[in-house]
Each structure stands twice: as structure tokens, then as C-alpha cells.
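S.K.: One structure coming up, written as C-alpha cells, with questions to follow.
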Amino acid sequence: MAPVIALNPVDYAIIAGYILVMVLVGYSLKKHMKTGEDFFLSGRSLPQWITGLAFLSANLGALEIIGMVANSAKYGIATVHFYWVGAIPAMVFLGVFMMPFYYGSRVRTVPEYLKLRYNEATRGLNAVSFALMTVLMSGISLYAMALLFKLMLGWPLTQSILVAAAVVLLYVFWGGLSSSIYNEVIQFFLIWLGLLPIVFLGLRQVGGFAGFGARIQETLLHSFKYLGTSGNPLGVDWFGVVMGLGFVLSFGYWTTDFLVVQRALASKNLNAARMTPIVAAFPKMLVPIIVVIPGLVALLVLPEFAPGAAPTAEYNSALILLMKHYLPNGLLGLAVTALLASFMSGMAGNVTAFNTIWTYDIYGTYIRKGRPDAHYLKVGKYTTVAGIAASVGTAYIVRSFPNLMDYMQLIFSFFNAPLFATFLLGMFWRGATAWGGFWGLLAGILTAAGHYILYKAGVLNYHSDMAANFYQAIWAWSADFVVTIGVSLFTAKRDPKELVGLVFGLAPKPKAEARWYARPAVWGTLALIAAAVLNVIFW
Amino acid sequence: MNDTNGTKGQGAGMKRGHVLDLKLPIGWLLAAYGALLTAYGLLTEKEMYAISLGINVNLIWGLLMLAVGAGFLAAAFLKKKKSAG
């Protein structure tokens, strides 16, 4: 198959410029990596605009962008639920209510919090599953990148995989989490600058929002209006959207996934840590501009998605086809660089999360305890090499089993949704006991797995896979919630003295609060109001 | 963002500050991209822009990126001057 896009030397110069800058940034950080905290948590020294943008970008991977443009072409404006319902409230909750326990307790990882609040078994379950997931996810995104660049540009698969892995290895090995975070911030700007020209040109050609209104079917133009029943394009009713996506899945992901939480832990103080997800919430609200509008434009300008006939291309190719449709060489190279950057930063994010969890929660807990800090710094660096090698291996496994990608996404969802119940009870109910936490988490994971098997066997029926996914999250969360409470009533309580700083109501008195205009609660409220207004406008 | 309003006394990490002013690499990268796209836009013929609705997007976007990049560099420069002075 011929490549979709042809690049010229100017485009290649733009791609090369990005790689050069990333390697130089990594190299310049090398001499600052003296302790474990420098390498794994950026020495807890970063300002909130950097951690905030990195927090957002860690989630704004290329697969996410391509997938959301596809969703928009398929489901229309309802795609905004993934942002205004499925992200903003959870991000504000993390910043205002949960971050004091994460950052305030000085834990270095999410599993470490579970160990302090519950017990070793709960930490082990979370650490091992998370480490496995990150390395697999990093391999999956590596393979997805190589596949995309093969189809789009005709680059050979193996070379793409090895070159991307080598670049990520270089800068993470030198600069640890700082490298990863800096790459994410640069990626944030590249994504906007790379994709906005498509938005402007698309809107100009179709005649702005009025053009959408005149030529796109009504059911694709509203976020909530058609959610009364599950007969809408999404196949999910409002309860599934609000509870499944808005509550369980979104809170599960944004508040417990170490990949994003790690960015906030790198902040220079508690106020900056709490502001991190809230700073991220504002640009997150605007991401639909670069994903939903292109999706709708694709319906109107690309012959492949012309209405009245079955689409002749996969929805996932919508963004690439739009790049080909609108961008001349030059800007084309910039858009390709933006996608490349978001793949690489996604991989770097997974690798840094993996080496931190491995070094602190697995190696430093079960294999070699109590060594000097320098030992763990060295282990972290070499874990980076091992993690990247494992990712390359995974990329080739995925290559022979393309469906593995779907399964992995799914298994990922098994862990996140119930984990949020464990955290919610752990942070806000002091009666949750150590074994309550463990059995609740296990019950949640097993419920998700059981629901999935029943759905696949045809015992449970939904209007769409997305609906099944949302309801699976609701069941898994509920099982965790109920079992944690149930077991807690019959097992030994923790001494409240051990829980100081870990549970709401037992926190030490906060030191002097920041001035009102720097307070997380103020900005968090503003973010919620803005998201509510957007929901009403596009109702 | 304002760096001085945080909760005080959160340990040693606070004083050290972050080790690299990220505005510099972002500024240089965007400015270089802007300069390249601007030059390319000036050197290329109109026919190439048929797909972008007849607009020389390389030129326009190049100038915009040049301005954004210069903005980052200026902010980094001012900060350095302030902390030195």
C-alpha cells in the first residue's frame, strides 16, 4: 500500500529539530540527577505551570487524539462528554480533596500510599499489576506508532520502533522524570500548533458552526439532548454517561493512575501539587477544539465519510486524511512531528512510571531493602533500559496478536475503576480496615472480569461496546465499595494514630493557606463553573 | 504562575527551584520552526496552497510561531535578568 502522505526535506528538518531538542534537553539534565528523588520525582521542585501541562499531556497521547477525532466523526458533539463530564470534575476533586493526602504524606508512589493506608498485600497487588500494565501499554503505543508511520509515511516498522525507543531511552536515562515531563510540555505546544491549522481551514471551508448546523444530522450536534434513552449514536443513556464515564471511569483514571499522579508529586510544594490538575483542567476543557471540530469537518469534506453511505475508510484514519486534505509540506511536517512527539512522550511517561514503581515498590520492597539512595538511583537508570527493551519486545508481541491491544485496554479498565473505590474509602472513611481494602480491591477486579465474560458470552446485552464498558466500571466500583465496607466491619481497625495525614479528618493542621487567588478551591470552582457552562451551551 | 504564594516550609525541594528553564528550549524550538516555515512560505509558489484553500498557511503560521517562540525567549530573558539584578 502506498503511503498516504509524502514528506519533503523541510518536513524532515522539522522532525529532526524536535528529536535534537529532546536529546539536548535530556543531556542537559544529566548532571542534575544526583539522588533518587531527582530522578524519580524531579527533586519535587517543579512549578505548577510545568507539572500542570505535563499532567494534561501525559493523557493527550497520539492514540487518544486519533481516537477522539474518530469518535467525533462517529458520535458527533457527544464526544465532549470525555472532557467536560469525564475529566474536569475528577481533576478538580484530585486537586482540592485528594492531593493533600498524596503529597502531604510524602509518599513517592500510589502503591506506597496503599501500603501506608491499608497493608503490604494491597500495595503488592497494585504495584505488580500497574508495573505490568505500564510496560505493556508502552509497547502497545510503540507498535501503534510504528504502524501509523508505516501506513502514513511508508517508514519501515522495525526502524521506527528502534529509533523511537533509542531516543526515549537516551533522554529518560539521562533526565528521568524531568526529561519525561519536559517532553510532555513541549508536546503540549506542538499538538496545538500542529493541529489548529486543520481546525481553521476546516471551519473556513464548511462555513463555521453554521455550516455544521445546516449539513450535519441533528442527533450528532448535541451533547445531552438525545441521552434520555440509549437509542442515540453513542448507544448509552445519561445514567451510563454520568455514573460510568463521569464518575467511576474518570475518577478512577485521573485520581489513582500513577502515570498522571506522578506529575503532581513532582511539584515544589503542596499548593503547587494541588494546583497541578486544576491548571490542567482549563486547557483540557479546550481540547475538543482540536478533536471534535476536525471530526465533524471530516464528515463534510472527506468523500470517505460522505453521508448516506457506509464509510469507505476507518474512522481512525480521519485525522490523517484531514492532514493530507489541508496541509501543504511544511505545516504537514509540523503536524507529523506533533503526533510523533505525543507518541514518544506517551512512551516516556509509561517508562518513568514503570521505573519508579519497580524501584520503590517492587525492588526496594521485596528484593533489596534498605540500600543507600545511590543504589536505587542506579537501579532506576538500569530499569529504564530494561523497561524500554521490554516495550520493544511487547511491540513485537502485539504485532503478532493485533487483538491484544483491545484486551490490554480492557484489562487496564479492570484495575482503574475499582481502585477508585479503595481510595475514596481509604481517604475519607477512617473505618476502612487493612484487609477491607485488599479484599475490596480484589472483588472489584474480579467483578469487572466476570462482567466482561458475561457480556462476551451474550448473557448481558448493551446497545454498544461503550455502554458495556461504562456499566462494567459501575459494577466493578460498586463491588469494591460494598466489599471494602463489609469486610471492614468484621476485621481489625487500624489505630487512628497510624492514619494521621492519610485520612480526611485526621490530617495535621494545614500550614498557612495561600492567598485567595492562588487557592486550589477557588480555581477548582471556576473550572467546574466553566465546564458546566460549556455543557449547557452544547446541550 | 506565581511561585511565591505556595504553602511555606515544604522542605528542601522548594528552594532549589527546577534545574532548567523550560521556556528556553520551547522558545528556541518554536522560533526556529517559525523562521523555517516563514522562509519556506516566502519561497514557495501559490499552486502549492491550492489544498489549503489558496492561503499561504506556511507563511502565516510561520510568523505566528515565530512570535510565540520569541515570546517564550523574552519571558526567559526577563526572568533571568530579574533574578540576576
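S.K.: For segment A:177-215: of the residues being touching a Pro at 6+ places or on another chain (Cβ under 8 Å) and away from chain B (no Cβ under 11 Å), which is surrounded by the most Cβ atoms within 10 Å (Cβ to Cβ)?
M.R.: Looking at the filtered set, the residue picked out is A:195.
S.K.: Scan segment A:306-337 for residues that are more than 14 Å from chain B (Cβ to nearest Cβ) and crowded, with 24+ Cβ neighbours inside 10 Å and jot them down.
M.R.: A:318, A:319
S.K.: Right, something else. Only residues that are more than 9 Å from chain A (Cβ to nearest Cβ) and under 24 Å from residue A:26 (Cα atoms): list them for segment B:24-43, please.
M.R.: B:24, B:27, B:31, B:34
S.K.: Then there is this: Six or more apart or on different chains, Cβ under 7 Å: which pairs go from a residue in segment A:137-151 that's surrounded by 22 or more Cβ atoms within 10 Å (Cβ to Cβ) to one that's outside any helix (DSSP H, G or I)? Could you list them?
M.R.: A:141/A:61; A:149/A:155
S.K.: Quickly run through segment B:44-77 and pick out the residues that are more than 10 Å from every other protein chain (Cβ to nearest Cβ), surrounded by fewer than 19 Cβ atoms within 10 Å (Cβ to Cβ) and modelled with pLDDT of 90 or more.
M.R.: Listed by number, the residues that qualify are B:63, B:67, B:70, B:71, B:73, B:74, B:75.
S.K.: While we're looking at this one, here's another question. Do we find a residue being closer than 28 Å to residue B:20 by Cβ and in contact with a Phe, Trp or Tyr (Cβ under 8 Å, 6 or more places away or on another chain) anywhere in segment B:39-53?
M.R.: no
S.K.: Where in segment A:233-305 are there helices (runs of 4 or more DSSP H), lying wholly inside it, with at least 3 residues that are within 13 Å of chain B (Cβ to nearest Cβ), buried (at least 22 other Cβ atoms within 10 Å of the Cβ) and not small (Gly, Ala, Ser)?
M.R.: It comes to A:270-286.
S.K.: When segment A:155-176 is examined, which residues are found to be β-branched (Val, Ile, Thr) and open to solvent by 50 Å² or more (accessible area, probe 1.4 Å)?
M.R.: Matches in segment A:155-176: A:158, A:163.
The values are calculated or read from the model by the stated rules, or taken from the named source; none is laboratory data. This is a predicted model, so every value here is computed, not measured. All Cβ positions, glycine included, derive from the backbone under ideal geometry; neighbour counts span all protein chains shown. Remember, those area values only see protein heavy atoms, side chains included, never the ligands or the DNA or RNA. Shrake-Rupley method; radii C 1.70, N 1.55, O 1.52, S 1.80 Å.
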